[in-house]
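The values are calculated or read from the model by the stated rules, or taken from the named source; none is laboratory data. Because the structure is a prediction, the values reported are computed rather than measured. Every residue, glycine among them, receives a Cβ derived from its backbone with ideal geometry; neighbour counts consider all protein chains shown.
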Amino acid sequence: MRGVLDAERSRANVAKLLGSLAPGASLCVDGYNVLFTLWNYIRGAPLFVATDGLLRDAGASHGRFSGTNGFERALEALAEGIGAFGLGSLTVALDAPVSFSAMHAAALRDRLGELCPSVEIVVAASADPVVAAFEGDAIASSDSVLVSSSKAPAFDLARAVLERAFGARFPMLSEWTGYTGDGSP
């Protein structure tokens, strides 16, 4: 199950999580990871906080936005959140194999460029190495392997955006299931 991690990984990822971003911070976003989480919330898919403290979705998007305006709605939610943080620089890494990634990159550059003084959109064979190697203030992803391997601490951008924009609250899987990550019930 993608929300229940072993105790060691859960503790390590929780320790890497930042509660907030300082004004002027530099952030590198695992673009589709965050956008699909936002889109899944908007379309009503269930979301929960995994045992490692990261928001996960059960949306099963499989690398596609359904409907004609899925990307646009997720982008607008992301933009509203980004605008509220007052970032100094923003890097968004996108996976090139996702359909329309070049078009998505252009839309992100245009919309997010209005909100942050320095915006870089990177389209790569895989976004993961770009995000993992980022040496700025924080990364944003709910990929537990990526968070654990990243050089920078992590910020749960999708969760922060959804809580701020919609007042969203999410079940904590460790509380809901009683699983503590240490193998006990």
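Structure data summary
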item	result
Within the range 150-185, considering residues that are of a type in the set (Gly, Ala, Ser), assigned to a loop (DSSP other than H, G, I, E, B) and surrounded by 12 or more Cβ atoms within 10 Å (Cβ to Cβ), the one modelled with the lowest pLDDT	Gly181
Residue list for the range 91-106, restricted to those being in a loop (DSSP other than H, G, I, E, B), touching a Ser or Thr at 6+ places or on another chain (Cβ under 9 Å) and surrounded by 13 or more Cβ atoms within 10 Å (Cβ to Cβ)	Ala96
Qualifying residue in the range 107-123 (condition: over 26 Å from Ser174 (Cβ atoms), part of a loop (DSSP other than H, G, I, E, B) and modelled with pLDDT of 95 or more)	yes
Residue list for the range 124-149, filter: part of a helix (DSSP H, G or I) and over 21 Å from Gly3 (Cβ atoms)	Ala127, Pro129, Val130, Ala132
Test result for Phe36, more than 21 Å from Glu76 (Cα to Cα) and among the aromatic types (Phe, Trp, Tyr)	no
Residue list for the range 1-56, filter: touching a residue at least 24 places away in the same chain (Cβ under 8 Å), of a type outside the set (A, V, I, L, M) and more than 30 Å from Ala106 (Cα to Cα)	Arg2, Gly3, Asp6, Arg9, Ser10, Arg11, Asn13, Lys16, Phe48, Thr51, Asp52, Gly53
